[in-house]
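*Asks:* There's a structure below that I have some questions on.
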Amino acid sequence: MFQNRSLIGFISLVVLLIVGLSVFTVDQRQRGILFRLGEIVDTSLEPGLHFKLPFVNNVRKFDVRILTLDAEPERFLTSEKKNVIVDFFVKWRITDIARYYKATTGDERQASIRLSQIIKDGLRGEFGKRTIQEVVSGERSQIMDIITVEANRGVAEFGIEVVDVRIKRIDLPREVSDSVYQRMQAERARVAKDFRARGAEAAERIRADADRQRSVIVAKAYSEAEKIRGEGDATAAEIYAKAYEKDGEFYAFTRSLNAYRNAFQSKDDVVVLKPDSEFFQYYKDANGKR
């Protein structure tokens with residue numbers, strides 16, 4: 001009885017082991033190839049549950065999502081024989097599992113190397129047709145579209161598809177960049193010097209015009225002031241004349257008093273005159289007679 005139970009348990013274990021080795025799954029992100037003793041039997045293993053013969057069949061699974069090839073920057077020559085350093089990446093995916101396996105033995109690294117070489121050859125040809133100005137600013141998008149189409153022709157036999165080729169950066173070599181930057185600095189310095197010279201010229205012109213206007217305004221003001229002063233003096237003289245005509249003797253007496261006041265403003269003032277000078281005529285006679 002015990003031996004029968006052991007035998008049943010052993011058989012059950014063997015059955016479970018065989019079933020475990022016979023069942024496998026393919027993920028939604030994968031596709032698989034079924035081999036029989038190293039020979040491809042089925043290349044259409046879709047996602048789901050599958051069966052195989054243990055020790056006879058084996059399975060290889062491949063990621064069919066979009067993969068990224070981020071290549072090292074490469075140096076290319078333009079039509080002007082100028083070096084540029086191009087940094088790019090490629091989006092690609094497996095479309096034919098059988099072709100992909102036969103061409104690369106399923107090695108993603110090998111596929112990336114061959115794809116990278118095709119892309120670099122295409123970029124070298126396209127950059128060689130264009131100037132630096134064209135590849136940097138004018139035709140970058142066009143280059144990427146052309147390379148994508150040409151690359152798909154080149155990798156069709158590998159069972160892969162190039163989804164997109166993108167150029168991230170286009171740089172000049174350091175020695176060329178330094179030269180370009182120096183020329184740019186010299187050009188900016190020249191432009192700045194020109195602006196400063198033109199500004200100084202404009203400032204001198206404005207300053208000269210302001211000085212001219214100031215001189216004109218001052219001259220006009222002085223002329224107007226002299227005119228007003230002359231009119232005032234004429235009016236004063238007229239008033240003095242009319243006053244003198246009314247009482248000449250009183251006018252002369254008032255003028256003499258003002259003269260005395262102005263001449264003797266301090267007790268230390270000294271005036272040396274002849275005794276019979278007209279200046280003291282009103283000291284001798286109230287009527288101004290000598």
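The values are calculated or read from the model by the stated rules, or taken from the named source; none is laboratory data. Quick caveat, the model's predicted, so the values are computed rather than measured. Glycine also receives a Cβ, built like all others from the backbone with ideal geometry; neighbour counts cover every protein chain displayed.
*Asks:* From Gly154, Gly159, grab the single residue that is of a type outside the set (A, V, I, L, M) and either in contact (Cβ under 8 Å) with a residue 40 or more places away in the chain or out of contact with any Asp or Glu (no Cβ under 9 Å at 6 or more places or on another chain) (or both).
*Replies:* None of the other options fit; the residue is Gly159.
*Asks:* Still on this structure, please answer the following. If we keep just the residues of the range 80-117 that are in contact with a Lys or Arg (Cβ under 6 Å, 6 or more places away or on another chain) and surrounded by fewer than 17 Cβ atoms within 10 Å (Cβ to Cβ), which is farthest from Asn152 (Cα to Cα)?
*Replies:* Asn83
*Asks:* Return the residues of the range 80-109 that are within 20 Å of Glu150 (Cβ to Cβ), within 28 Å of the chain's Cα centre (by Cα) and either in the same structural domain as Gly32 (by TED's automatic domain parsing) or not aliphatic (A, V, I, L, M) (or both); say none if nothing qualifies.
*Replies:* Correct list: Asp87, Phe88, Phe89.
*Asks:* Let me ask another. What residue, among those in the range 73-111 that are free of Cβ contacts under 8 Å to residues at least 12 places away in the same chain and not basic (Lys, Arg), is nearest to Gly125 (Cα to Cα)?
*Replies:* The extreme case among them is Gln110.
*Asks:* What pairs can you find where one residue is in the range 127-140 and at pLDDT below 80, the other is of a type in the set (A, V, I, L, M), and their Cβ atoms are less than 9 Å apart, with a gap of 6+ or different chains?
*Replies:* These pairs meet every condition: Val136/Val84; Val136/Ile170.
*Asks:* So, one more: At pLDDT below 75, out of contact with any helix residue (DSSP H, G or I) (no Cβ under 8 Å at 6 or more places or on another chain), surrounded by 15 or more Cβ atoms within 10 Å (Cβ to Cβ) and within 27 Å of Val163 (Cβ to Cβ), is that true of Asp42?
*Replies:* So Asp42 fits the description; yes.
*Asks:* Sticking with this one: For Phe55, which of the numbered conditions (1) at positive phi; (2) at pLDDT 75 or above fails to hold?
*Replies:* (2)
*Asks:* Still on this structure: Taking the condition assigned by TED's automatic domain parsing to the domain that holds Val86, surrounded by 15 or more Cβ atoms within 10 Å (Cβ to Cβ), in contact with a Gly (Cβ under 6 Å, 6 or more places away or on another chain) and farther than 16 Å from Arg75 by Cα, does Ile147 pass?
*Replies:* Yes; evaluated as a whole, the condition is true for this residue.
*Asks:* Of all residues being closer than 21 Å to Lys91 by Cα and over 25 Å from the mean Cα position of the chain (by Cα) in the range 125-142, which is surrounded by the most Cβ atoms within 10 Å (Cβ to Cβ)? Just the residue, please.
*Replies:* That would be Phe127.
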